[in-house]
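The values are calculated or read from the model by the stated rules, or taken from the named source; none is laboratory data. Worth saying up front: this structure is predicted, and the values here are computed from it rather than measured. Cβ: placed from backbone, ideal geometry, glycine included. Neighbour counts: every protein chain shown. Accessible surface areas use protein heavy atoms only, side chains included; no ligands, DNA or RNA. Shrake-Rupley method; radii C 1.70, N 1.55, O 1.52, S 1.80 Å.
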Amino acid sequence: MNKIVVTGATGLLGRALVKVLSQSNTVIGTGFSRAAPPIEQLDLHDQAAITTFLDTHRPNILVHAAAERKPDICENDHQATIALNVQAAKFLATLCKDRHIQFVLISTDYVFNGQAAPYIEDAATSPVNFYGESKVQAEQAVLAVSSQHTVVRVPVLYGEVEYLAESAVTIIAEQVIKNPHSEHDHWAIRYPTHVEDIALTLNDLFFQPPEMQAGTFHISNNQSMTKYEMAVYIAKVLGLNSQDLVALPEPSQTAARPYNCALKDTRLKSIGIAHHRDFATAIANVLNKHTL
Ligand SMILES: NC(=O)c1ccc[n+]([C@@H]2O[C@H](COP(=O)([O-])OP(=O)(O)OC[C@H]3O[C@@H](n4cnc5c(N)ncnc54)[C@H](OP(=O)(O)O)[C@@H]3O)[C@@H](O)[C@H]2O)c1
């Protein structure tokens, strides 16, 4: 049985990682402002606290899901973004190498510019915003610390949320409920992926021999859609009229976004690991569980 530490365990992906990985491993989750038992509070800017934490718990795997992942926030504060997304990741990766702990960095499809999809795992990176840039720097730093470490790129995520605005997908439900004439991006192609599919995939990967876990992996659903198309699905699930929703043909956000970052999961396919679910059914389940 693996002993796994999950950073960012109070976040969207981290909560699903703790839930799924706990079924067949010992898991210790860490968070920061939202940490409450059994999740331990660990400030990833506090190097002494991180070292004590790892030497106390002595895991054999660490999944690093904590990050600042909102592009507009990253664009406005480069220093804080580098401190959390790059420096903390590099420090953790270094401690893990010294202690023979498998280190897994969660990264993003935003390391690509979206002009040459689909992307295989060793395609050249080319971020269009500072969030993507910080993740490229984190990936390079982590793999420079050890080529045996793991980088896992994922696309836009959804799953059980604490509030609808918590994920870029469920916030669409809030917009659709509030305004039948709400406007939605119909330019960027996205591949919304359920956080539990990421967790199930990692769980399977951790049963592979260590050399098979090294390097970069892509995990992604393969249903492509724009945010406008997600809004139409969501309106249907909620029993709302989608006719008046407005499709925006141009990008509308502050920080630049890539057009289409389809991630090809060639490495996972080659070892027979795949967990995918239908978007319409899964988003219905997420919204049904949530009090709207
Ligand atoms: N969400 C997406 O659509 C998406 C898409 C592609 C890639 N990703 C990547 O997937 C990973 C997980 O994303 P997510 O959506 O789950 O993020 P999230 O919901 O925003 O959660 C961020 C996590 O980071 C923790 N954190 C922030 N500052 C910290 C600090 N100083 N010390 C310790 N922990 C700190 C937060 O803890 P508190 O909340 O307790 O403060 C929280 O647990 C990230 O690496 C992200 O870049 C996400």
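Dipole size in debye (nearest 20) for the range 192-245 around its Cα centre, Lys and Arg Cβ +1, Asp and Glu Cβ -1? Please report the intermediate quantities before stating the final value.
Numbers: 2 positive and 6 negative charges, 39 e Å.
Dipole size: approximately 180 debye.
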**Prompt:** Put +1 on the Cβ of each Lys and Arg and -1 on the Cβ of each Asp and Glu in the range 231-292; which of L287, V232, P251 then has its Cα farthest toward the positive end of the dipole?
**Reply:** L287
**Request:** Grab the beta carbon distance between S147 and N285, set R0 = 35 Å, and tell me the FRET efficiency rounded to 0.05.
**Result:** 0.35
**Prompt:** So how far, in whole Å, is the C-alpha centre of the range 31-61 from the one of the range 228-244?
**Reply:** 41
**Prompt:** Projected onto the charge dipole of the chain (+1 at Lys/Arg Cβ, -1 at Asp/Glu Cβ, origin at the Cα centre), which of I189, A274, N241 gives the Cα projection farthest towards the positive end?
**Reply:** A274
**Asked** So for the pair Q253, D55, with labels modelled 7 Å out along Cα→Cβ, what separation do we get in nm?
**Response** 4.1
**Cα-based equivalent ellipsoid, the range 53-102: semi-axes from gyration tensor eigenvalues, Å** = 26, 10, 8
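Tell me the volume per residue, in Å³, of the convex hull enclosing the alpha carbons of the range 146-212. Walk me through the numbers on the way to the answer.
On the way: hull volume 7.8 nm³, N = 67.
Convex hull volume per residue, Cα atoms: 116 Å³.
Counting Lys and Arg as +1 and Asp and Glu as -1, each charge on the Cβ, what is the dipole of the range 135-179 about the Cα centre in debye, to the nearest 20? Before the final figure, lay out each step's value.
Numbers: 3 positive and 5 negative charges, 42 e Å.
So the dipole magnitude of the range 135-179 works out to roughly 200 debye.
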**Request:** Starting with the highest mean, order 243-256, 4-17 by the number of other Cβ atoms within 10 Å, averaged over the residues of each peptide.
**Result:** 4-17, 243-256
**Message:** Going Cα to Cα from K3, which lysines come in below 17 Å? Please leave out same-chain ones fewer than 8 positions away.
**Reply:** K19, K97
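Antiparallel versus total DSSP beta bridges in the chain: what percent is that, nearest 5?
5
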**Request:** Check cross-link reach from K269 to the aspartates and glutamates: straight Cα distance under 16 Å, and skip same-chain residues fewer than eight apart.
**Result:** E121, D122, D197, D204
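Could you sort 149-156, 24-31 so that the peptide with the highest average Cβ count within 10 Å comes first and the rest follow in order?
Values: 149-156: 23.0, 24-31: 19.8.
Order by mean packing, descending: 149-156, 24-31.
Counting only protein heavy atoms and a 1.4 Å probe, tell me what percentage of the chain's accessible area is made up of carbon and sulfur. Working shown, then result.
Details: 6560 of 12900 Å².
The nonpolar share, carbon plus sulfur, comes to 51 percent.
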**Request:** Give me the Debye-computed log₁₀ of I(q)/I(0) at q = 0.14, 0.16 Å⁻¹ for the chain, equal point scatterers on Cα only, no solvent, two decimals.
**Result:** -1.03, -1.35
**Request:** May I ask you to give the solvent-accessible area per residue for the range 96-191, in square angstrom, as obtained with a 1.4 angstrom probe?
**Result:** 39
**Asked** So for the range 5-130, taking the charge dipole from beta-carbon charges (+1 Lys/Arg, -1 Asp/Glu), which of I82, V18, A67 sits furthest toward the positive end?
**Response** V18
**Request:** For N222 paired with D72, estimate the spin-label separation in nm (one decimal), with each label point 7 Å from Cα along the Cα-to-Cβ line.
**Result:** 3.5
